[in-house]
1. With +1 on each Lys and Arg Cβ and -1 on each Asp and Glu Cβ, how big is the dipole of segment 64-169 about its Cα centre, in debye rounded to the nearest 20?
2. Once both labels are modelled 7 Å past Cα along the beta-carbon direction, what's the Ser386-Thr155 spacing in nm?
3. From the backbone phi of segment 216-227, what are the Karplus-calculated ³J(HN,Hα) couplings (6.51 cos²θ - 1.76 cosθ + 1.60, θ = phi - 60°) in whole Hz, Gly and Pro given as x?
4. With +1 assigned to the C-beta of every Lys and Arg and -1 to the C-beta of every Asp and Glu, and no other charges, what is the dipole magnitude of the chain about the Cα centre in debye, to the nearest 20?
5. Just for the Cα atoms in segment 1-104, what are the lengths along the principal axes, largest first, rounded to whole Å?
6. Length gain on complete extension for the stretch Asn368 to Met286, per 0.36 nm per residue less the alpha carbon to alpha carbon distance?
7. Using the C-alpha atoms of the chain, what convex hull volume per residue, in cubic angstrom, is computed?
8. Using the crude model of +1 on Lys and Arg Cβ and -1 on Asp and Glu Cβ, and no other charge, please compute the dipole size for segment 93-139 relative to its Cα centre, in debye to 20.
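The values are calculated or read from the model by the stated rules, or taken from the named source; none is laboratory data. Keep in mind the model is a prediction, meaning the values are calculated, not measured. Positions of Cβ are backbone-derived with ideal geometry, glycine not excepted, and every protein chain shown enters the neighbour counts. Accessible surface areas use protein heavy atoms only, side chains included; no ligands, DNA or RNA. Shrake-Rupley method; radii C 1.70, N 1.55, O 1.52, S 1.80 Å.
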Amino acid sequence: MKIGIVVHNVQLMDSPQVIKNILTLLSRENLVDACLCGTMGKVAVIDAGLDDLIEINQFLSPSACIETLFRSNDLVCLLNHGRELKTGRTFGRIVVSHIENPEEKPLIQIERPGCPDGELIPWNQAAELHVEEFSKLLNLKISQPPLPINTIEITNHGRRILRRVSAFPGAYILVEGIIIGKATSSEIALISEDGFLTSMEGGIIKEKGIDILHKHEERVPIDLSRSWVKTGTPRKNSEAQSFFKDEKELVAKTATLTKNSFTETVPENRVKVILIDHCAERSIEMIEGADFAITIGDDTTEIAGSIFSRFGIPILGVTDGDCDELAVSVTYSTGSMILNLKSGQDDELGRLILQDIFSGENSAIFENLDNLKSKVINLAENSLESITEY
């Protein structure tokens, strides 16, 4: 039997042996095709040394990844590790609700493996035929799926959208990779009117994030019913863990990924520079052929800097002290530079860089990095407080 496995959640990588055991057990009598969702998860897979077992080169949502695996496999598993059992179950429920035809192939969720409360959830009738065998093989109990809920409500002739999100108090809420608020309860409701996010029930909204989401003065609307929505854990609640003995081993692993995955060519004696503005989790998607990156925002700089450090790519980060500490650990490649601006000034400099240096695009080819850095510093003018070099 061909089994597709969608791996989700960075916490799984804290116990790489658990994942290896699951993949090994399922591979004994089956052909296994495992892939991972989420940018930070991809980095965690590399750090855990699992990139030879798990495909990390696709950029699909969990539901889209399941639909893709439905087409080429006999059964699909969603391998997840929620912060709590309740959040893991809710996550699975939301993912399944986004699948166009959830009955197409057997779908089983493997939740919190390696934990005392770990379980299997058969998400459709076809899965019932296989879940007993999986339970014996993986030594996990079987639980019935939670009742479905309507996570999205569209009213007022489509002008008003309410979207429910399960979280835990203290978690950050991200829309399209941008932090737009913090949860104060386990159930959040995001509300948009005419394409603009206006309020959040069960949490505290972050006005700066809303402004960034809608492109400041451009006032770009979004479709909340289709937007990428997720939660994020502050750094103080997480523990970073690396499974490589030294930096050389890490560089060797990531060099292979870069060579095999990204093939764009850049003219000789030129450098490709990408601009990442408040959306660090898109970093790997944009990394093709990049030699350098400019990052806008404190969390974006920390997360993207840590991602690019694994590929030996330095960055120029623009920060203003407004950090939500989403990055689990922070590292920068040699040659990186962080501009520390006065409070509230990183967005404005980001807009100037986008228009004056990148001509409105998110990447460009330059002849000289030193000249580029000088241009950015000159644009900072009186808002610049200090520069940190690595």
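1. Charge dipole, segment 64-169, about its Cα centre: 580 debye, nearest 20.
2. 5.0 nm
3. Values per residue, Gly and Pro as x: 6, 5, 5, 6, 7, x, 10, 9, 4, 5, 10, 5 Hz.
4. Roughly 840 debye for the chain.
5. Cα extents, longest axis first: 34, 31, 24 Å.
6. Residue separation times 0.36 nm, minus the Cα-Cα distance, leaves 27.5 nm.
7. Value for the chain: 146 Å³ per residue.
8. In debye, rounded to 20, segment 93-139 gives about 120.
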